[in-house]
1. Determine which single condition LYS111 fails, assuming it passes every other condition in (1) in a loop (DSSP other than H, G, I, E, B); (2) surrounded by fewer than 20 Cβ atoms within 10 Å (Cβ to Cβ); (3) among the charged types (D, E, K, R).
2. Looking at this structure, is LEU334 aliphatic (A, V, I, L, M), touching a strand residue (DSSP E or B) at 6+ places or on another chain (Cβ under 8 Å) and crowded, with 21+ Cβ neighbours inside 10 Å?
3. Being open to solvent by less than 70 Å² (accessible area, probe 1.4 Å), over 22 Å from GLY299 (Cα atoms) and in contact with a strand residue (DSSP E or B) (Cβ under 6 Å, 6 or more places away or on another chain) narrows it down to one of ASP238, ASP160, so name that one.
4. Quick one: would you say HIS72 is in contact with a strand residue (DSSP E or B) (Cβ under 7 Å, 6 or more places away or on another chain), in contact (Cβ under 8 Å) with a residue 60 or more places away in the chain and open to solvent by 20 Å² or more (accessible area, probe 1.4 Å)?
5. Go through (1) within 23 Å of LEU16 (Cα to Cα); (2) open to solvent by 50 Å² or more (accessible area, probe 1.4 Å); (3) touching a residue at least 24 places away in the same chain (Cβ under 8 Å); (4) touching a Phe, Trp or Tyr at 6+ places or on another chain (Cβ under 9 Å) one by one and return the number of the condition LYS298 breaks.
6. Have a look at ASP178, ASP228, ASP207 and point out the one that is modelled with pLDDT under 95 and surrounded by fewer than 17 Cβ atoms within 10 Å (Cβ to Cβ).
7. Which of (1) open to solvent by 40 Å² or more (accessible area, probe 1.4 Å); (2) closer than 26 Å to LEU391 by Cα; (3) of a type in the set (D, E, K, R) does GLU49 not meet, given it meets every other one?
8. Looking only at region 12-24, count every residue that is open to solvent by 10 Å² or more (accessible area, probe 1.4 Å) and touching a residue at least 60 places away in the same chain (Cβ under 8 Å) and tell me the total.
Amino acid sequence: MRTQVGIVGAGPAGLLLSHMLYLRGIDSVIIESRSREAIEATIRAGVLEQSTVDLMTQIGAGERMKREGFVHHGFELRFASRSHRINLHDLANGRVITVYAQHEVLKDLIKLRLATGGQIHFEAKATGLEDVTSETPKIRFTTKEGEDKELACDFVAGCDGGYGVSRAAIPEGSVRKDYFRIYPFGWFGILAKAPPSSDELVYTHHDRGFALVSTRSPDVQRMYFQCDPNDSVDNWPDDRIWEELQARTAGEGFRLKEGAIFQKGIIPLRSFVSEPMQYGRLFIAGDAAHSVPPTGAKGLNLAAADVHVLARALTSYYASGSTDLLDDYSRTALRRVWRAQHFSWWMTSMLHRFYDGTEFDLKRQLAELELVTSSRAAATTVAENYVGLPLT
């Protein structure tokens with residue numbers, strides 16, 4: 001098999017890249033280890049920046065998102081039992097966010113890619129990359145029937161997350177350096193059949209820890225609260241979950257609307273960046289290159305930004321033979337990645353209780369929250385980062 005761009009992974013980065021290349025007349029093939037059904041059934045939250053929404057719309061993948069997504073012009077910061085609204089629309093020059101779950105994005109992209117003749121090899125496990133520093137890199141993979149195959153290409157896009165073969169193909173130490181920060185807490189997440197408790201997202205700082213109130217649909221709500229990452233969902237019956245969420249979000253007469261909980265899970269929090277994001281003719285993007293704590297809502301959006309840069313660079317190469325943009329891919333992408341890492345770390349540090357912290361640390365957090373909700377300049381910094389930087 002041969003193509004121009006071989007893509008490992010059918011997550012947001014791989015699917016977006018494949019379709020963007022298609023629109024520019026560049027062939028690609030996607031190798032994906034999971035089945036289509038498994039991808040579309042993995043429920044994950046999604047807060048889409050304005051630039052991501054614009055990109056989805058431009059490539060023809062935004063129709064259902066526009067119809068079913070929830071456009072939010074702001075969000076609430078709740079602390080000391082009081083609520084303060086960050087007006088994104090006003091502070092960020094009309095830019096807003098859209099709440100639309102990641103698995104719904106993937107459904108739309110898979111459907112669009114297949115409808116336009118895209119090649120996605122589901123249940124095909126990439127087993128290794130070869131010759132990535134040559135002009136003819138190869139992806140070795142095993143099909144769902146157990147056959148060993150080889151995909152030869154001009155370039156490889158590694159979009160296969162933190163446990164795939166792509167990042168591992170960049171020699172650690174001599175070429176690649178990984179940067180980590182592990183947080184001493186996680187998020188206990190639930191999905192509940194209940195009406196919305198708020199028109200917008202609510203981020204809460206509380207003595208007992210952080211909580212987040214979000215939405216999934218008019219009938220299904222997603223909520224989180226800070227927890228020990230080594231805790232077990234078995235320790236949290238539904239009554240205890242609601243008691244904890246009610247306690248952390250209470251104030252000014254606010255009360256969550258409860259319902260049947262049908263999904264529970266604990267998410268560890270970490271920050272991670274791998275540098276560089278390229279090696280020879282291998283380019284990594286999305287979770288293969290970086291991850292952020294979900295507090296800043298940047299994961300999927302960073303993947304979209306990465307492949308926007310990569311698609312532009314590949315387009316330039318095939319149009320003119322120039323490698324200038326390809327050579328600059330890592331530097332360009334990492335500039336935005338580190339900006340998002342800082343914002344995600346800042347939001348996480350401001351809103352969560354650090355259990356080894358002192359009363360000084362708690363007072364400092366409250367002072368910081370007072371600043372971002374009373375100073376227009378500080379609130380503007382939050383808003384501009386939250387809605388996301390322009391892609392170009």
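1. That leaves (1) as the condition not met.
2. Numbers: aliphatic (A, V, I, L, M): yes; touching a strand residue (DSSP E or B) at 6+ places or on another chain (Cβ under 8 Å): yes; crowded, with 21+ Cβ neighbours inside 10 Å: no.
So LEU334 fails the test.
3. Values: ASP160 fails: over 22 Å from GLY299 (Cα atoms).
The unique qualifying residue is ASP238.
4. In short, no.
5. (2)
6. ASP207
7. Evaluating GLU49 over (1) open to solvent by 40 Å² or more (accessible area, probe 1.4 Å); (2) closer than 26 Å to LEU391 by Cα; (3) of a type in the set (D, E, K, R) leaves (1) as the failure.
8. Count: 3.
The values are calculated or read from the model by the stated rules, or taken from the named source; none is laboratory data. All values reported here derive from a predicted model rather than from experimental measurement. Cβ coordinates were reconstructed from backbone atoms using ideal geometry, including for glycine residues, and neighbour counts include every protein chain displayed. Side chains are part of the model used for accessible areas, which takes the heavy atoms of the whole protein and leaves out ligands, DNA and RNA. Shrake-Rupley method; radii C 1.70, N 1.55, O 1.52, S 1.80 Å.
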